[in-house]
Structures are given as C-alpha cells and as structure tokens.
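The values are calculated or read from the model by the stated rules, or taken from the named source; none is laboratory data. Computed from a prediction, not measured in an experiment: that's the story for all the values here. Positions of Cβ are generated from backbone atoms using ideal geometry, with glycine treated the same way; all protein chains shown enter the neighbour counts. Only protein heavy atoms, including side chains, enter the accessible area calculation; ligands, DNA and RNA are left aside. Shrake-Rupley method; radii C 1.70, N 1.55, O 1.52, S 1.80 Å.
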Amino acid sequence: MTSLMQLLMDFTCTERLPRYLDHVAYDLSKSLETKHLAALKEGLSGEHTASLERYQQAWEDSRSLELKAMFLAAFSIARELR
C-alpha cells in the first residue's frame, strides 16, 4: 500500500467509517464480547490465558488485513465507476 493509500485509509477509518457504523448494535456487540471474554478467562489457567491472548492478537492482525483489503477493493471499484 502506498503512502497516499495509507493516508486515505486512515482518513476513511477515522472520519468516514464512524458515520456508517450502527453504534447501538456495535456497542451491544462489544459489550457481549467483553462479558463472554471475561467469563472465558475466569476458567483458564495461566498457560491457556496466554494462548487465548495470542489467538486474540492473531485475530486482530487478520481483521486488520481484511479491513485493508476491503478498503482497497472499494477504492478500486470507485476508480472504475469514475
């Protein structure tokens, strides 16, 4: 991704994405996620908790790559429509 593309993606994520996000549904989803994660961590040993945290980091990395791919796909479609 070029510097310009990164700048556009950062702008899109911070300035435009929030306009399209269903904040009520998102807040509910995050609340449930936090609740279930806390319940899961309560029953895990230290080693399993560390494994879960590594899993969460891998999932976040994958999500970041997916977000970048979605942005690039949408950008390429917008260029084609122009």
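Quick look at the values:
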item: Whole-Hz ³J(HN,Hα) from phi, Karplus 6.51 cos²θ - 1.76 cosθ + 1.60, for the range 13-23, glycine and proline x; result: 5, 8, 9, 9, 3, x, 5, 9, 7, 6, 5
item: Heavy-atom surface of the chain, accessible at 1.4 Å and reported per residue (Å²); result: 86
item: Within-12-Å neighbourhood charge of LEU67 [Cβ basis; K, R +1; D, E -1]; result: -2
item: Length added when fully stretched, ARG82-TRP59, from 0.36 nm per residue minus Cα-Cα; result: 4.8 nm
item: Fraction of accessible area attributable to carbon and sulfur, the chain (%, probe 1.4 Å); result: 60
item: Label of the coordinate-derived value, volume of the Cα convex hull per residue in Å³, listed as [x] 99; [y] 83; [z] 111; result: [z]
item: Pair LEU17, LEU4: separation of 7 Å Cα→Cβ label points (nm); result: 2.2
